[in-house]
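Report on the following structure.
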Amino acid sequence: MPRAAGLLGWLLLMATALADGYLWLSGAGASPANLYRYNLRTGQIDRIVSPADSPSVLPSEDYNHLAYDGTYLYIGAYDQLLLAKAHPYTGDILQVGAYQNCECFLGGRNLRDGAFGRGMLWRATPQRVYPAFGLVLAHDSEGELLEAYYASGAGIEVANVIGLEWVGANLYGTTRVGFLRLLPMEAQPFYEFIEYALQGVPQSHTLGGLALDASTGRLYLATASPSEAALWQLQVDDMNATANATLVARLTDVGYPVGLSPTALGWVPAQAGDVNGDGCVDDSDLLMVLFAFGQTGSHLLEDLNEDGVVDDGDLLLVLFNFGNGC
């Protein structure tokens, strides 16, 4: 009995520790645009989705938003009031709706990165012309506008936010060249902001989307230059208003096209034991481990526990989690 309990405890620990997750990236600049899924465990782009393939979605050069509320991945577009609910793992469009804003809103602003926080869907809406000032909107899951905040204070032209993410009680944003902390004011439609010193990202890169891995607390940033796109992990120091970036991957080396911009970034948790990343631990995952059994190497898809070999440990993870997410 103690041995069985020990095995169960080990499996529970592994199931929790290895749920690395996925980062969905926008691909601004293509016509129509695609969405790209980066697998944090394998370090590869492992899924490409074209929202325009859905009959109810109009073509766009930037599908973005990419907020996850625990049930759906929300997809929008920079030039539309689109608010689509998608399967968080496959990216398949499940329901198509719209923000309940006036179409005239799109005349002067784009819609970019999104976040889920305080029970609402948040969206960065940068102004198209410069000098510009930022605007952040919060909606419910059906697109009804609940809150709106304009940039306030000296130097508001630097607060034209593109990327957006909640980390605990803090709301962070990116502009094309800077990293900010946004401070929404109570009972007033304004946000103040603090500029942070961002270190580690090449000056040739334009900043894009932000995403929080809620399982580890890691904050990710996507950037791009004319020759590459990259993914970074940020270490944020609020006391000193600094953010240090460490390179995670050159995305254009692992399947993300050169010339596109990841203006939005969204994290989805992995399902422990889910080899093929469809969110359901089933026969296909079991077969993948069995067919790869004995293989060795780094970043193997079937090596769920990341010990460099596909073996009993990986098989047990599938069996223990069998049926989850289905």
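The values are calculated or read from the model by the stated rules, or taken from the named source; none is laboratory data. Worth saying up front: this structure is predicted, and the values here are computed from it rather than measured. Here the Cβ is made from the backbone with ideal geometry for all residues, glycine too, and neighbour counts use every protein chain on show.
Given the condition farther than 30 Å from Asp278 by Cβ, within 22 Å of the chain's Cα centre (by Cα) and either surrounded by fewer than 19 Cβ atoms within 10 Å (Cβ to Cβ) or among the hydrophobic types (A, V, I, L, M, F, W, C) (or both), answer yes or no: does some residue in the stretch 91-99 qualify? Give the steps one after another, and end with the answer.
As a first pass, look at the stretch 91-99 and keep what is farther than 30 Å from Asp278 by Cβ: none.
The answer is no, given that none of the residues of the stretch 91-99 is farther than 30 Å from Asp278 by Cβ, within 22 Å of the chain's Cα centre (by Cα) and either surrounded by fewer than 19 Cβ atoms within 10 Å (Cβ to Cβ) or among the hydrophobic types (A, V, I, L, M, F, W, C) (or both).
Does Ala115 satisfy being in contact (Cβ under 8 Å) with a residue 60 or more places away in the chain and either closer than 23 Å to Val268 by Cβ or surrounded by 24 or more Cβ atoms within 10 Å (Cβ to Cβ) (or both)? Steps first, please.
On the way: in contact (Cβ under 8 Å) with a residue 60 or more places away in the chain: yes; either closer than 23 Å to Val268 by Cβ or surrounded by 24 or more Cβ atoms within 10 Å (Cβ to Cβ) (or both): yes.
The answer is yes for Ala115.
Just need a number here: residues in the stretch 48-61 that are under 19 Å from Gly208 (Cβ atoms) and surrounded by fewer than 20 Cβ atoms within 10 Å (Cβ to Cβ).
Here is the first cut: in the stretch 48-61, the residues under 19 Å from Gly208 (Cβ atoms) are 48-49, 51, 60-61.
When the remaining residues are screened for being surrounded by fewer than 20 Cβ atoms within 10 Å (Cβ to Cβ), the result is 48, 61.
So the answer is 2.
Looking at the stretch 286-296, can you tell me whether even one residue there is β-branched (Val, Ile, Thr) and either under 28 Å from Asp113 (Cβ atoms) or touching a Pro at 6+ places or on another chain (Cβ under 7 Å) (or both)? So that I can check it myself, show each step before the final result.
As a first pass, look at the stretch 286-296 and keep what is β-branched (Val, Ile, Thr): 289, 296.
Adding the requirement that they be either under 28 Å from Asp113 (Cβ atoms) or touching a Pro at 6+ places or on another chain (Cβ under 7 Å) (or both) leaves none.
For the stretch 286-296, residues β-branched (Val, Ile, Thr) and either under 28 Å from Asp113 (Cβ atoms) or touching a Pro at 6+ places or on another chain (Cβ under 7 Å) (or both): absent.
With a cut-off of at least 2 residues that are surrounded by fewer than 17 Cβ atoms within 10 Å (Cβ to Cβ) and at pLDDT below 95, name the strands (runs of 3 or more DSSP E) lying wholly within the stretch 180-285.
Values: elements: 190-199, 206-213, 218-224, 229-237, 242-250, 265-268.
In the stretch 180-285, the matching strands (runs of 3 or more DSSP E) lie at 190-199.
Being on the phi < 0 side of the Ramachandran plot, in contact with a helix residue (DSSP H, G or I) (Cβ under 7 Å, 6 or more places away or on another chain) and not polar (S, T, N, Q): is that true of Phe133 here?
On the way: on the phi < 0 side of the Ramachandran plot: yes; in contact with a helix residue (DSSP H, G or I) (Cβ under 7 Å, 6 or more places away or on another chain): yes; not polar (S, T, N, Q): yes.
The answer is yes for Phe133.
Is it the case that the stretch 35-54 has a residue that's assigned to a loop (DSSP other than H, G, I, E, B), farther than 15 Å from Gly163 by Cβ, over 20 Å from the mean Cα position of the chain (by Cα) and in contact (Cβ under 8 Å) with a residue 24 or more places away in the chain?
Step one: of the stretch 35-54, the residues assigned to a loop (DSSP other than H, G, I, E, B) are 40-43, 50, 54.
Subset that is farther than 15 Å from Gly163 by Cβ: 40-43, 50, 54.
Subset that is over 20 Å from the mean Cα position of the chain (by Cα): 54.
Keeping just the survivors that are in contact (Cβ under 8 Å) with a residue 24 or more places away in the chain gives 54.
Scanning the stretch 35-54, I find at least one residue that is assigned to a loop (DSSP other than H, G, I, E, B), farther than 15 Å from Gly163 by Cβ, over 20 Å from the mean Cα position of the chain (by Cα) and in contact (Cβ under 8 Å) with a residue 24 or more places away in the chain, so the answer is yes.
Just a yes or no: is a residue in the stretch 123-137 charged (D, E, K, R), buried (at least 17 other Cβ atoms within 10 Å of the Cβ) and over 30 Å from Val275 (Cα atoms)? Break it down stepwise before answering.
Taking the stretch 123-137 and keeping what is charged (D, E, K, R), we get 123, 128.
Within this subset, residues satisfying the condition of being buried (at least 17 other Cβ atoms within 10 Å of the Cβ) are 123.
Still in the list and also over 30 Å from Val275 (Cα atoms): 123.
Within the stretch 123-137, one or more residues are charged (D, E, K, R), buried (at least 17 other Cβ atoms within 10 Å of the Cβ) and over 30 Å from Val275 (Cα atoms).
For the stretch 65-90, enumerate the residues that are small (Gly, Ala, Ser) and either surrounded by fewer than 17 Cβ atoms within 10 Å (Cβ to Cβ) or on the phi > 0 side of the Ramachandran plot (or both). Outline the logic, then answer.
As a first pass, look at the stretch 65-90 and keep what is small (Gly, Ala, Ser): 67, 70, 76-77, 84, 86.
If the condition is that a residue be small (Gly, Ala, Ser) and either surrounded by fewer than 17 Cβ atoms within 10 Å (Cβ to Cβ) or on the phi > 0 side of the Ramachandran plot (or both), then Gly70 is the only one that fits.
Find the residue count for the stretch 231-253, including only residues that are in contact with an Asp or Glu (Cβ under 9 Å, 6 or more places away or on another chain) and closer than 24 Å to Ala86 by Cβ.
1
Condition check ((1) among the acidic types (Asp, Glu); (2) at pLDDT 95 or above) across all residues:
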| position | (1), (2) |
| --- | --- |
| Gly108 | no, no |
| Phe116 | no, yes |
| Gln127 | no, no |
| Ala132 | no, no |
| Leu135 | no, no |
| His139 | no, yes |
| Glu142 | yes, yes |
| Ala148 | no, no |
| Ser152 | no, no |
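When you check Val310 against the structure, is it surrounded by 23 or more Cβ atoms within 10 Å (Cβ to Cβ), at pLDDT 90 or above and either β-branched (Val, Ile, Thr) or not assigned by the TED database to the domain that holds Thr175 (or both), yes or no? Quick ask: steps written out before the conclusion?
Values: surrounded by 23 or more Cβ atoms within 10 Å (Cβ to Cβ): yes; at pLDDT 90 or above: no; either β-branched (Val, Ile, Thr) or not assigned by the TED database to the domain that holds Thr175 (or both): yes.
No: the conditions fail for Val310.
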